[in-house]
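The values are calculated or read from the model by the stated rules, or taken from the named source; none is laboratory data. Not measured: the values here are computed from a predicted model. We place every Cβ from the backbone using ideal geometry, glycine too, and count neighbours over all the protein chains shown. All accessible areas refer to the heavy atoms of the entire protein, side chains included, with ligands and DNA or RNA removed. Shrake-Rupley method; radii C 1.70, N 1.55, O 1.52, S 1.80 Å.
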Amino acid sequence: MRTIEKDGSTKWTEKNLPDLTGKIIIITGANSGIGFSTTKYMSAKGATVIMACRNPEKAKKAIQSIKNENPGVKLEFIPLDLSSLASIDSFTPTFVTP
């Protein structure tokens with residue numbers, strides 16, 4: 001397990017995450033890199049993770065990879081391209097109500 005140093009006196013790992021059951025978390029870029037790792041760890045702690053990604057194929061692959069490791073996780077993919085105002089406009093009503 002890799003240790004991430006927050007500062008000289010505190011060391012953080014995924015084991016430091018609290019129980020996230022009942023929380024809904026939106027992660028952009030959740031299909032690779034830091035977004036993928038964050039999705040994996042937060043969903044393993046009980047959060048429902050909304051994977052906001054540009055590429056549906058990569059998102060589905062990432063979901064399958066995470067579920068292969070931890071079948072009980074709650075993941076949902078919603079397309080989002082932050083470089084497109086139309087994509088943001090389509091994504092936003094899912095979470096914001098008038």
* Asked: Within the set of pairs 6 or more residues apart or between chains, which connect a residue that is part of a strand (DSSP E or B) and open to solvent by 50 Å² or more (accessible area, probe 1.4 Å) inside the range 74-89 to a residue that is at pLDDT 95 or above and of a type in the set (S, T, N, Q) with Cβ atoms less than 6 Å apart?
  -> LYS74/THR48
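Quick one: which residue in LYS61, LYS67, LYS6, LYS40 is at pLDDT below 95, more than 18 Å from THR94 (Cβ to Cβ) and out of contact with any His (no Cβ under 7 Å at 6 or more places or on another chain)?
LYS6
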* Structure fact -> Scanning the range 11-37 for residues that are closer than 17 Å to THR94 by Cβ and not in a loop (DSSP other than H, G, I, E, B) gives ILE24, ILE25, ILE26, ILE27, THR28
* Asked: Taking the range 64-93 as the region of interest, how many residues are farther than 18 Å from SER43 by Cβ and not small (Gly, Ala, Ser)?
  -> 9
* Asked: Based on what the data block shows, is SER65 more than 16 Å from SER32 (Cβ to Cβ), open to solvent by less than 70 Å² (accessible area, probe 1.4 Å) and in a helix (DSSP H, G or I)?
  -> no
* To do: Sort out which residues of the range 18-51 are over 18 Å from LEU82 (Cα atoms), over 10 Å from the mean Cα position of the chain (by Cα) and either open to solvent by less than 50 Å² (accessible area, probe 1.4 Å) or without any contact (Cβ under 8 Å) to a residue 12 or more places away in the chain (or both), and write them in order of number.
  => LEU20, GLY46
